[in-house]
Amino acid sequence: MSSGSNGKFTVLVVDDDPSVLSTYRRLLGRSGYRTFTEGSPLRVLENRDVLGDVDLVLLDYKMPEMDGLSLLAELRRRECRARCILISAYLNEEVRQQASLLGVDRVMGKPVDVQRLRTALAELLSPSAGS
């Protein structure tokens, strides 16, 4: 895992809701993270330049083109080893098991508790967190 300039970590947020992306962009920016947002999982797969610099992927589960775990599975096939937080209003045991198999570090329900998210980011992106 690598940090960007000035010790900042890079977070990629993938969610199909523009207002959610805007909220995450502000929240993560204020917390000092370099943030990329994308509303289309397919565009994430097309943009290989961004993926090389990503330390953590924050994924929505339910999206129209492709669900977040299918996107993560493809990213893993492409050797993306970034940490991952999955966020969904549609959590069940099957989703949690699939997330675990793909190496998702945290699964969080919606609505997202901002303090819990900040804590998870800090823990997953700390220098002592394993890659």
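The values are calculated or read from the model by the stated rules, or taken from the named source; none is laboratory data. All values derive from a computational prediction rather than experimental measurement. With ideal geometry, Cβ positions are generated from the backbone for all residues, glycine too; neighbour counts draw on all protein chains shown.
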- So, first residue assigned to a strand (DSSP E or B) in segment 34-60, second residue among the charged types (D, E, K, R) and at pLDDT below 90, Cβ within less than 6 Å, six or more apart or across chains; the pairs are R34/K8
- Query: Are any residues in segment 13-27 touching a residue at least 40 places away in the same chain (Cβ under 8 Å) and under 24 Å from S70 (Cβ atoms), and if so, which ones?
  - Reply: V13, V14, D15, D16, D17, V20
- Query: Since M63 meets every condition but one in (1) in contact with a helix residue (DSSP H, G or I) (Cβ under 7 Å, 6 or more places away or on another chain); (2) in a helix (DSSP H, G or I), which condition does it not meet?
  - Reply: (2)
- Query: For segment 87-131, how many residues meet the condition of being among the hydroxyl-bearing types (S, T, Y) and under 25 Å from S70 (Cβ atoms)?
  - Reply: 4
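For (1) among the hydrophobic types (A, V, I, L, M, F, W, C); (2) not in a loop (DSSP other than H, G, I, E, B), each residue gets a yes or a no:
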residue	(1), (2)
R96	no, yes
V104	yes, no
M108	yes, yes
V112	yes, no
- Task: Of the numbered conditions (1) under 23 Å from E123 (Cβ atoms); (2) touching a Phe, Trp or Tyr at 6+ places or on another chain (Cβ under 6 Å), K62 fails exactly one; give the number of that condition.
- Result: (1)
- Query: Given D113, D53, D105, which one is in contact with a strand residue (DSSP E or B) (Cβ under 6 Å, 6 or more places away or on another chain), surrounded by fewer than 16 Cβ atoms within 10 Å (Cβ to Cβ) and under 26 Å from S19 (Cβ atoms)?
  - Reply: D53
- Task: Of all residues in segment 66-86, count the ones that are touching a residue at least 40 places away in the same chain (Cβ under 8 Å), in contact with a helix residue (DSSP H, G or I) (Cβ under 8 Å, 6 or more places away or on another chain) and not in a helix (DSSP H, G or I).
- Result: 2
- Please work out if D60 is among the acidic types (D, E), modelled with pLDDT of 95 or more and surrounded by fewer than 16 Cβ atoms within 10 Å (Cβ to Cβ). no
